[in-house]
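I have placed the structure first, in the form of structure tokens, so that the comments after it can refer back to it.
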Amino acid sequence: MADPPIPASARAVVVFGGSFDPPHVGHRRLAVEARDAIGADWLLVIPAGQSPHKESKTLFDGEQRLELVRSAFADEERVSVSRVEIDRMREEPDRPSYTVETLHTLREHLPAGVRLRLLMGADQALSLHRWREPRAIMELAEPLVMRRAGDDESAESLAKRIASNWTNGTAEMSADDWLGRIVDVPLVDASSTEVRRLLESPDEAGRDDRLRELLGKDVLERVRSIRASR
């Protein structure tokens, strides 16, 4: 198995998964900022096959999203893109992609000394306890939670809210445990919802300029090429 494409010298790897339908500038900037904030060696980006948390319908199929993610991160150093979930979706098209299974696969193909950090937003961290085998996820890859700089909620408050979902009345996991897993990242004016809305609104004023801001020139060109070929 050639995947995951991580150099042998990497010892700390940030894993960043998502539907990326399509990837926008916020995905790229925030993931790179988070990697650098903790001094990790590498960023591994994994487009989801079929997320169990979202509707199965996407604007772009798996191979197209993989192509778009590669384009989005093409100019970044110390980044690679894995097709592990896309391949699993091709083998089992009706089965969702579960993070715990992906992390097990990565562990099977990486040296034992590699430390994995699972990058996620605050909303994902708050629901992590409801994911499939959440404690196994924690053991395979320590969470790295993105908090947008300037958010109204403090890191301390966010850590307390996350920890409260895990304690069940005991002191299993403290707010201090989670506080050390939170990293501040910049505010980025980009959202997948806005991108999808603009892609489906061809007559909206300023649409093309805004899409160029949200996606970047190369990704937008690939998006147009894919849609034109349908």
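For PRO7, neighbours were defined as the other residues whose beta-carbon sits under 12 Å from its Cβ, and their charges (Lys and Arg +1, Asp and Glu -1) total 0.
Mean residue ellipticity at 222 nm, helices only, the chain: -13000 deg cm²/dmol; runs of at least 4 DSSP H residues each add -39,500 (n - 2.57), and the sum is divided by the number of residues. Quote the Stokes-Einstein diffusion coefficient, in whole µm² s⁻¹, for the chain, based on the Kirkwood radius over alpha carbon pairs, a temperature of 20 °C and a viscosity of 1.002 mPa s. This corresponds to a translational diffusion coefficient of 116 µm²/s.
Beyond 23 Å, the tail of the calculated P(r) for the stretch 1-134 holds 29 percent of the Cα pairs. Based on the Kirkwood radius over alpha-carbon pairs, what is the Stokes-Einstein translational diffusion coefficient of the stretch 110-230 at 20 °C with 1.002 mPa s viscosity, in µm²/s? Reported coefficient: 124 µm²/s.
Note on ARG132: accessible area is roughly 110 Å² with a 1.4 Å probe, heavy atoms of protein only. Ranked from largest to smallest solvent-accessible area, with a 1.4 Å probe on the protein heavy atoms, SER9, SER157, SER225 come out as SER9, SER225, SER157. Under a 5 Å amide H cut-off, with hydrogens placed 1.01 Å from N, GLY18 pairs with ILE46, ALA48 among residues at least 5 apart or on other chains. Dividing the convex hull volume of the alpha carbon atoms of the stretch 42-106 by its residue count gives 84 Å³ per residue.
Surface listing: TRP178, TRP42 arranged by accessible area from highest to lowest gives TRP42, TRP178, probe 1.4 Å. Loop-located trypsin sites (Lys or Arg not before Pro) across the stretch 54-100 with a Cβ neighbour count of 11 or fewer within 10 Å are LYS57, with loop assigned by DSSP. Please report the base-10 log of the normalised intensity I(q)/I(0) for the stretch 91-149, using a Debye sum with one equal scatterer per alpha carbon and no solvent, at each q in 0.24, 0.26, 0.29, 0.30 (1/Å). So the normalised log intensities are -1.03, -1.12, -1.24, -1.28.
The values are calculated or read from the model by the stated rules, or taken from the named source; none is laboratory data. Predicted model only: the values in this text are computed from it and were never measured. FYI the Cβ positions are ideal-geometry reconstructions off the backbone, even for glycines, and counts take in every protein chain you see. Accessible surface areas use protein heavy atoms only, side chains included; no ligands, DNA or RNA. Shrake-Rupley method; radii C 1.70, N 1.55, O 1.52, S 1.80 Å.
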